[in-house]
Amino acid sequence: MSKKRILAIETSCDETSAAVIENGETILSNVVASQIKSHQRFGGVVPEIASRHHVEQITLIIEEAMKEAHVTYEELDAVAVTEGPGLVGALLIGVNSAKAIAFAHDIPLIAVNHIAGHIFANQLVSRLEFPLLSLVVSGGHTELIYMEKEDSFEIIGETRDDAAGEAYDKIGRVLGVPYPGGKHIDEMAHKGEDTFHFPRAMMQEDTYDFSFSGLKSSFINTVHNAKQKGEELDSEDLAASFQAAVIEVLVDKTIRAAKEKNVKQLALAGGVAANKGLREALETKVAEELPDVELLIPPLSLCGDNAAMIGAAAFTKLKNEQFANLALNGTPGLSV
Ligand code: KG4
Ligand code: ZN
């Protein structure tokens with residue numbers, strides 16, 4: 001089979017990204033334009049601002065990705081785009097750009113789920129083998145997804161309230177670090193100790209679901225009560241205690257699920273996969289308790305939102321000829 005090239009586009013949140021991927025595993029280019037600076041002063045992503053930036057950037061980013069890959073439109077086998085989940089206005093910019101390219105160059109259009117994309121980021125490093133369990137942890141999602149084969153996704157556990165990244169960003173605000181707080185809390189956590197022993201929610205319960213809002217409230221109350229008493233708490237110990245609680249629950253449930261499902265591979269995915277503490281804890285636990293399971297952890301550059309992961313996930317659909325048509329729409333609440 002000749003090499004198949006996919007131009008992929010991702011605009012579901014606050015990164016405008018385009019990539020050219022060969023056979024779902026080789027990155028020819030992966031251009032990511034972050035808008036973080038424009039959203040930072042609002043303490044979160046402002047949907048309207050995100051859409052406007054995508055409109056301004058998308059054509060330039062696609063051109064740059066094509067140029068960097070040294071590929072012409074005639075050499076493309078398909079154009080893929082994130083269909084959802086995400087912000088509707090943001091998704092629509094990517095979807096409409098992809099549709100225009102598919103129509104103008106008469107190539108197939110492939111609709112990709114953003115969560116599947118995060119999992120397939122791992123395929124840009126190692127070949128995926130099934131059955132596989134993925135822990136998807138990002139700003140909007142915390143899910144344990146069981147994949148019996150490359151096109152089947154079963155959510156066996158998910159958060160009942162806040163996503164892990166969302167909890168990081170919320171407590172980041174309390175500690176006064178810039179948005180998004182995850183990376184900063186992670187750095188602070190490595191300099192502190194777990195002295196506060198925050199609650200580990202739903203640890204003993206017979207479910208793979210998660211809950212982070214109780215932990216977040218407990219954190220906020222601790223800081224608030226100290227402030228009222230005029231006490232100064234150690235920010236690094238607070239960060240370390242929060243991180244220890246998040247990681248313990250994520251790792252415990254993931255290891256339990258991987259054992260029960262008897263998987264070949266365990267794949268970490270999503271923006272929070274960049275967390276140093278989580279990466280280290282999973283590596284240690286898998287080595288100790290699941291020596292026969294291969295642990296996949298994406299490089300930092302592929303943890304956050306990017307189009308390369310969308311191109312990797314799209315390859316399965318190209319092989320199966322599962323194409324979208326020009327009526328494709330953005331679907332904000334799309335499930336995996
Ligand atoms: O996957 P992503 O780029 O966007 C979504 O699809 O949500 O994830 C962004 C999330 C943010 O909440 C951010 O704070 C978090 O990932 N994050 C981290 C770290 N780096 C990014 N959380 C904890 N530790 C990190 N090192
Ligand atoms: Zn994401």
Within the range 283-294, does at least one residue satisfy the condition of being assigned by TED's automatic domain parsing to the domain that holds Leu144, outside any loop (DSSP other than H, G, I, E, B), of a type in the set (A, V, I, L, M) and on the phi < 0 side of the Ramachandran plot? yes
Mind counting the residues in the range 297-327 that are more than 16 Å from ligand 2 (Cβ to nearest atom) and either touching a Cys at 6+ places or on another chain (Cβ under 8 Å) or among the basic types (Lys, Arg) (or both)? 2
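Okay, residues lined up against (1) assigned to a helix (DSSP H, G or I); (2) modelled with pLDDT under 95; (3) touching a Lys or Arg at 6+ places or on another chain (Cβ under 9 Å); (4) farther than 19 Å from Ile110 by Cβ:
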residue	(1), (2), (3), (4)
Ala19	no, no, no, no
Gly43	no, yes, yes, yes
Ile49	yes, yes, no, yes
His54	yes, no, no, yes
Met66	yes, no, no, no
Glu74	yes, no, no, no
Val81	no, no, yes, no
Could you please find all residues in the range 47-84 being surrounded by 18 or more Cβ atoms within 10 Å (Cβ to Cβ) and in contact with a Ser or Thr (Cβ under 7 Å, 6 or more places away or on another chain)? His53, His54, Gln57, Ile58, Ile61, Ile62, Ala65, Ala69, Thr82, Glu83, Gly84
How many residues does the range 298-321 hold that are surrounded by fewer than 20 Cβ atoms within 10 Å (Cβ to Cβ) and either within 29 Å of Asn262 (Cα to Cα) or touching a Phe, Trp or Tyr at 6+ places or on another chain (Cβ under 8 Å) (or both)? 5
State which residue pairs qualify: first residue within 15 Å of Ala240 (Cβ to Cβ) and inside the range 187-203, second residue of a type in the set (Lys, Arg) in any location, beta carbons under 7 Å apart, and separation of 6 or more residues or different chains. His190/Lys276
When the range 94-142 is checked residue by residue, the ones that are out of contact with any Gly (no Cβ under 6 Å at 6 or more places or on another chain), β-branched (Val, Ile, Thr) and within 16 Å of ligand 1 (Cβ to nearest atom) are Val112, Ile115, Ile119, Thr142
Would you confirm whether any residue within the range 61-79 is within 16 Å of ligand 2 (Cβ to nearest atom), touching a His at 6+ places or on another chain (Cβ under 8 Å) and within 28 Å of Asn325 (Cβ to Cβ)? no
Being among the small types (Gly, Ala, Ser) and either within 14 Å of ligand 1 (Cβ to nearest atom) or farther than 19 Å from Thr142 by Cα (or both) narrows Ala257, Ala308 down to just Ala308
Among the candidates Ser12, Ser34, Ser38, residue that is surrounded by 24 or more Cβ atoms within 10 Å (Cβ to Cβ) and under 24 Å from Tyr168 (Cα atoms): Ser12
Being aliphatic (A, V, I, L, M), in the same structural domain as Glu83 (by TED's automatic domain parsing) and within 16 Å of ligand 1 (Cβ to nearest atom), is that true of even one residue in the range 311-320? yes
Among Ala163, Ala201, Ala167, which is away from ligand 1 (no atom under 13 Å from the Cβ), more than 26 Å from Leu328 (Cα to Cα) and among the hydrophobic types (A, V, I, L, M, F, W, C)? Ala201
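If we scan the range 284-296, do we find a residue that is within 16 Å of ligand 2 (Cβ to nearest atom) and either in contact (Cβ under 8 Å) with a residue 24 or more places away in the chain or surrounded by fewer than 24 Cβ atoms within 10 Å (Cβ to Cβ) (or both)? I'd like the intermediate steps shown before the answer.
Narrowing the range 284-296 to residues within 16 Å of ligand 2 (Cβ to nearest atom): none.
No, the range 284-296 contains no residue that is within 16 Å of ligand 2 (Cβ to nearest atom) and either in contact (Cβ under 8 Å) with a residue 24 or more places away in the chain or surrounded by fewer than 24 Cβ atoms within 10 Å (Cβ to Cβ) (or both).
The values are calculated or read from the model by the stated rules, or taken from the named source; none is laboratory data. Just so it is clear, the model here is predicted, and its values are computed rather than measured. Every residue, glycine among them, receives a Cβ derived from its backbone with ideal geometry; neighbour counts consider all protein chains shown.
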